[in-house]
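Below: the structure, in structure tokens.
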Amino acid sequence: MCGIVGYVGGKSAQEVVVEGLRRLEYRGYDSAGVALVHDGAIVGDKRAGKLANLDKALAEAPLPESHTGIGHTRWATHGGPTDVNAHPHRGSRGRVAVVHNGIIENFAVLRAELEAAGHELASETDTEVAAHLLEREVSAGADLAAAMRTVSARLEGAFTLVAVDAAAPDRVVASRRNSPLVVGVGDGEHFVASDVAAFIEHTRDALELGQDEVVTITCDEVSVTDYAGTPVEPRAFHVDWDLSAAEKGGFDWFMRKEIFEQPHAVGDALLGRHDDAGRLQLDEVRMSEDEIRSVDKIIITACGTAFYAGLVAKYAIEHWTRIPCEVELAHEFRYRDPILTRDTLVVAISQSGETADTLMAIRHARAQRAKVLAICNTNGSTIPRESDAVIYTHAGPEIGVASTKGFTTQLVACYLLGLYLAQVRATKFGDEIAAVVDELSAMPARMQRLLDDAETVYAVARELKDVRSVLFLGRHAGFPVALEGALKLKELAYIHAEGFAAGELKHGPIALIEEGMPVFCIVPPRGRDFLHDKMVSGIQEIRARGARTIVVAEEGDRSVDGYADVLLRIPASSTLLQPLTAVVPLQLFACELATAKGHDVDQPRNLAKSVTVE
Ligand code: F6R
């Protein structure tokens, strides 16, 4: 939530910062602003609404030349999305400007202290107190980094702060606690940003910052300390994707591009993780064979779409390993006092690696001495850094707010984990594991076939663009797919959508069915006769009550023909792997229906890509 950028170097700071914000806009789009250091003063502009409003203002009244600047794109927490509440915020004399991501929990006390000392604060934000406090420190003679350390140590909550001082035009200083921040290392220029997308067009070399650290960037130097001022050596990493991955590449939306990238992303997620004989190589799990054998419970924790990937994982992991597996929403997990021991493996799934709820859940798990394994897409992010081990999903940057390739690559990572545990614990024979690995390797081609026929799904979406409600039904591994299909539609099309386990229908939800209501039905493969036949009966029951059935069934399954108003075919797959293909038409449907309604698919209302506040 919120995108922040800072730059020092030979280029126009305004251009670098605004371009950086454009790539971070998916993190929040309630307002945007920049502040530059020019001729011993801070200059800048900030506007409510999307970045386009700031662009327009800057085109009408360009800022003077500068090589040091900061910028912000906001997802509002304290104070509504107005020009005044937009970042950057300044101190009372306008000497220091600050941008912030997170929530300063003790801001009311600090604000009262400042007001008692005669400060007038212009906005309703928590951020402005940091600007005033920093300015007070530098006015008393501290340099900006020392001021940042002193002020950060007084703040409670989650924050990344990035600041400039008019009296120190050669530097940008930033601080982080519980909120993302990475450093970009260029040639004669440096960057700080919420994520690498902001500077990927300039450099792919980056540094990770740890918890409670302050970084100072100048043209030539990066220096990092902890809040006590002790120097720290940051971990360097190289970003393995380039600018083209952060652009739309001819698609109308990032989301659509990311849906179409899935065959490739799923292939990448499998790369190097098994040998030719189908034996898993998953050293990333960093657990000895003895440790793996002593695991007596797995708890998967995540939010939103990542949680649904966890629900699928439960079916697969329990089936393959016979280890009891719970799946829990991260924001519920730690408040229920879960039973965790040294033999519990906690698996945290997060595309961004920054979701505050998931982060707090793993901290709780580690404090109880459970082992934490992250499944994550973002190198340099906090959740993998704070976990005992990580399986990266290698999906490349996911910029559309609605997760798509994030989800399918999370599924792959979960399958690989389950198979690896089964291999070490010998709960499956080698040839059984190899058969699943073979099928996983066939999934990219199956997904591609679905994408080649996207137009069939688009036509259904356009036809249904004015419906008020859509239901999604699934069973077994198809149930989380139904939940995911409904979530995609809610968040993009803003219409009522609900996913149900098909067996639950008769226990209440069937009362929702009315004449013409569209209901997606995810039919399990025929290999599971009892599941399949139950689903087909369910379809008949809702159709008899007027539902318009959109049936997602495998190729060659003729048993559904008579009960489908619309039939969407997916390639035949085994039950546990079917989610990888079954979700694709649902993603295409939501994307196209929202487009037909004229919505901004990449930036749905009220949302932000990475939820860095609890
Ligand atoms: C929905 C969506 C969200 C995220 C959730 C967790 O399309 O993207 O539900 O899945 O906020 O985010 P991560 O995976 O970054 O922890």
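The values are calculated or read from the model by the stated rules, or taken from the named source; none is laboratory data. Note that the coordinates shown come from a computational prediction; the quantities given were computed from them, not determined experimentally. With ideal geometry, Cβ positions are generated from the backbone for all residues, glycine too; neighbour counts draw on all protein chains shown. Side chains are part of the model used for accessible areas, which takes the heavy atoms of the whole protein and leaves out ligands, DNA and RNA. Shrake-Rupley method; radii C 1.70, N 1.55, O 1.52, S 1.80 Å.
At a 1.4 Å probe, what is the % contribution of carbon and sulfur to the accessible area of the range 249-445? Could the numbers behind the result be given before it?
Working: 3530 of 7000 Å².
Exposed carbon and sulfur together represent 50 percent of the surface.
Can you give the accessible area per residue of the range 454-596, in Å², using a 1.4 Å probe? Numbers along the way, then the final one.
Values: 4990 Å² over 143 residues.
For the range 454-596, the solvent-accessible area averages 35 Å² per residue.
Where the centroid of each part is defined by its Cα atoms, how far is the range 471-543 from the range 241-283 in Å?
For the range 471-543 versus the range 241-283, the Cα centre distance is 29 Å.
Between VAL222 and SER469, what is the label-point separation in nm under the 7 Å Cα-to-beta-carbon projection?
5.3
Using only the alpha-carbon atoms, how far is helix 454-463 inclined from the longest principal axis of the chain? Give it as 0 to 90 degrees, nearest 10.
80
Go through LYS314/LYS371; LYS56/LYS405; LYS257/LYS488 and tell me which ones have a Cα-Cα distance over 26 Å in this structure. Mind dumping the intermediate values first?
Numbers: LYS314/LYS371 18 Å; LYS56/LYS405 33 Å; LYS257/LYS488 15 Å.
Violating the 26 Å limit, Cα to Cα: LYS56/LYS405.
Which value, in Å², gives the accessible area per residue of the range 249-445 when a 1.4 Å probe is used on the protein heavy atoms? Display every interim value, and only then the final one.
Values: 7000 Å² over 197 residues.
Solvent-accessible surface per residue comes out at 36 Å².
From the phi angles alone, apply the Karplus equation (6.51, -1.76, 1.60; θ = phi - 60°) to the range 256-267 and give each ³J(HN,Hα) in whole Hz, x where the residue is Gly or Pro.
5, 4, 5, 4, 6, 7, 4, x, 5, 5, 5, x
Near the amide H of PHE500, under 5 Å away, which other amide H atoms are found, from residues 5 or more places off or on another chain, if H is placed in the peptide plane?
PHE472, LEU473, GLY474
What does the accessible area per residue of the range 122-207 come to in Å², with a 1.4 Å probe and no ligands, DNA or RNA counted?
Details: 2270 Å² over 86 residues.
Solvent-accessible surface per residue comes out at 26 Å².
Can you give me the angle between helix 529-544 and the longest principal axis of the chain, using Cα atoms only, in degrees from 0 to 90, rounded to the nearest 10?
For 529-544 against the chain, the angle is about 80 degrees.
Using 0.36 nm per residue, how much length does the chain from ASP600 to ASP55 gain when fully extended, once their Cα-Cα distance is taken away?
Between ASP600 and ASP55, full extension yields an extra 194.4 nm.
Given axes a ≥ b ≥ c from the Cα gyration tensor, I'd like to know whether the chain is rounded (a/c under 1.5), prolate (a/b larger than b/c) or oblate.
Details: a/c = 2.11, a/b = 1.63, b/c = 1.29.
Prolate is the answer for the chain, as a/c is 1.5 or above and a/b outweighs b/c.
Compute the angle between helix 405-425 and the longest alpha-carbon principal axis of the chain, please, reported from 0 to 90 degrees and rounded to the nearest 10.
With rounding to tens, the tilt is 70 degrees.
What fraction of the DSSP beta bridges in the chain is antiparallel, stated in percent and rounded to the nearest 5? Could you put the intermediate results ahead of the total?
On the way: 63 of 102 bridges.
Beta bridges within the chain, antiparallel portion: roughly 60 percent.
Around ASP30, which amide H atoms from residues at least 5 apart in sequence, or from another chain, sit under 5 Å from its own amide H, with H modelled in the peptide plane?
ARG74, TRP75, ALA76
Calculate what fraction, in whole %, of the accessible area of the range 454-596 sits on carbon and sulfur atoms when a 1.4 Å probe is rolled over the protein chains. Show your work: numbers first, answer last.
Details: 2530 of 4990 Å².
Ligands and nucleic acids excluded, carbon and sulfur give 51 percent.
Ignoring any ligand, DNA or RNA, what whole percent of the accessible area of the range 3-245 comes from carbon and sulfur when the probe is 1.4 angstrom?
That fraction is 49 percent.
Taking the alpha-carbon centroid of each part, what is the distance from the range 92-155 to the range 344-369 in angstrom?
If we compute the Cα centre of each part, the gap is 31 Å.
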